[in-house]
Amino acid sequence: MVNLKEFWSSNTLMGVALGQFLSLLITSTGFSSSELAKKGINAPTSQSFLNYVLLAVVYGSILIYRRKPLKAKWYYYILLGIIDVEANFLVVKSYQYTSLTSVMLLDCWSVPTVMLLTWIFLKTKYRFKKITGVVVCVAGLVLVVFSDVHAGDRSGGSNPRKGDLIVIAGSTLYAISNVSEEFLVKNADRVELMAMLGIFGGIMSAIQISILENNELESIKWTAGAGLPFFGFAVAMFLFYSLVPVLLKTNGATMLNLSLLTSDMWSVLIRIFSYHEKVDWMYFLAFGAVVAGLLIYSGDDKDENEQPPNIGQENPDGRKQDEEANSGNDSKFVHLLQD
């Protein structure tokens, strides 16, 4: 029998609610980018740069006030900053070559990639119930793709193969970034992570802007219509980056990536109520499937996170040896960060 209390625990509800708020923030950044594109502004790295500046100023000030040494080496944050900036750049860039439907489908690549990376490096164990939740979520997103095809809303793009490869590369970098952030927020410090990501992400973005987007920025006519979406994008991304470590610490990187799958469906709802557009009925079925998958996935947290009553005692299953092995692996990673 399925214990419904597992699905309605405070941790589950908070994880789902926070995940959907983050998904709404991502949706709002998409609409901000859409408004900028309508005005002929195509500067994705510049948009992200303002977010990194806000992170560096806000969390960097807190870090300076604390006057404590870094818990992780600074060069790990340089690598994280490069990966994060390029992940954002590649996924936005892919829209120039392939269809929206392909991006939505291939972006799911981040989910199994995150699961593989957390299983290898963080020793996260995924039981059947969690795997079932992931399958239900991905099935929901596939329904969205079929809905687009059914509605005749698919366009091929100028170079679909190139675009698809760019999406996969960007999704892989997102997965690496999310897993790295999960490990750092659990073993280092959230404020330190945000401050250093803001500093090095900002530096990397500035270098990339000077190379790729300098002419684009010079051609922009800065009016209120252009400035508000630009600033709105930065604020939404700042809130997103600030809250992501909270979800990573409580529910993990896989839960984060599953939650973000609903961003496309939130955009559909906004199109319905704000722009009075008609959408295919399969969108609503897909939305329900993804939410159900999230509840199934997060509802098993108690079984995996809580220690058994006889922890520390020998038993025929060798549970003590497994726990000691996992603890040893975690301590090796922490030692690596600090050395």
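Per the listing V291, V279, the residue uniquely open to solvent by 20 Å² or more (accessible area, probe 1.4 Å), more than 20 Å from F183 (Cα to Cα), β-branched (V, I, T) and at pLDDT below 70 is V279. Just so you know, in region 144-181 the residues that are acidic (D, E) and either modelled with pLDDT of 90 or more or open to solvent by less than 50 Å² (accessible area, probe 1.4 Å) (or both) include one that is farthest from K278 (Cα to Cα), and it is E181.
One residue is enough: does region 92-114 have a residue meeting the conditions over 16 Å from N257 (Cβ atoms), among the acidic types (D, E) and either at pLDDT below 75 or open to solvent by 20 Å² or more (accessible area, probe 1.4 Å) (or both)? Looking through region 92-114, none of the residues is over 16 Å from N257 (Cβ atoms), among the acidic types (D, E) and either at pLDDT below 75 or open to solvent by 20 Å² or more (accessible area, probe 1.4 Å) (or both). Quickly run through region 6-30 and pick out the residues that are within 15 Å of F238 (Cα to Cα) and open to solvent by 60 Å² or more (accessible area, probe 1.4 Å). If the condition is that a residue be within 15 Å of F238 (Cα to Cα) and open to solvent by 60 Å² or more (accessible area, probe 1.4 Å), then F21, L24 are the ones that fit. Restricting attention to region 234-276 and to residues that are open to solvent by 20 Å² or more (accessible area, probe 1.4 Å) and among the aromatic types (F, W, Y), the residue that is modelled with the lowest pLDDT turns out to be Y275. Put simply, of S34, S23 the only residue that is under 28 Å from F287 (Cα atoms), without any contact (Cβ under 8 Å) to a residue 40 or more places away in the chain and part of a helix (DSSP H, G or I) is S34. Give me the residue from region 182-227 that is among the charged types (D, E, K, R) and buried (at least 22 other Cβ atoms within 10 Å of the Cβ) and, out of that set, nearest to the chain's Cα centre (by Cα). Here the answer is E182. Pairing residues of region 122-144 that are among the aromatic types (F, W, Y) with residues that are modelled with pLDDT of 80 or more, at Cβ distances under 7 Å and at least 6 apart in sequence or on separate chains, gives Y126/M115; Y126/W119.
For region 31-48, which residues satisfy the criterion of being among the small types (G, A, S) and crowded, with 18+ Cβ neighbours inside 10 Å? Break it down into steps so the answer makes sense when it comes.
Taking region 31-48 as the starting set, the residues that turn out to be among the small types (G, A, S) are 32-34, 37, 40, 43, 46, 48.
Matches in region 31-48: S32, S33, A43, S46, S48.
The values are calculated or read from the model by the stated rules, or taken from the named source; none is laboratory data. Please read all numbers here as calculations on a predicted model, not as lab measurements. Note that each Cβ is placed from the backbone with ideal geometry, even for glycine, and that neighbours are counted across all protein chains shown. Just so you know, the surface numbers come from the protein's heavy atoms only, side chains and all, with ligands and any DNA or RNA stripped out. Shrake-Rupley method; radii C 1.70, N 1.55, O 1.52, S 1.80 Å.
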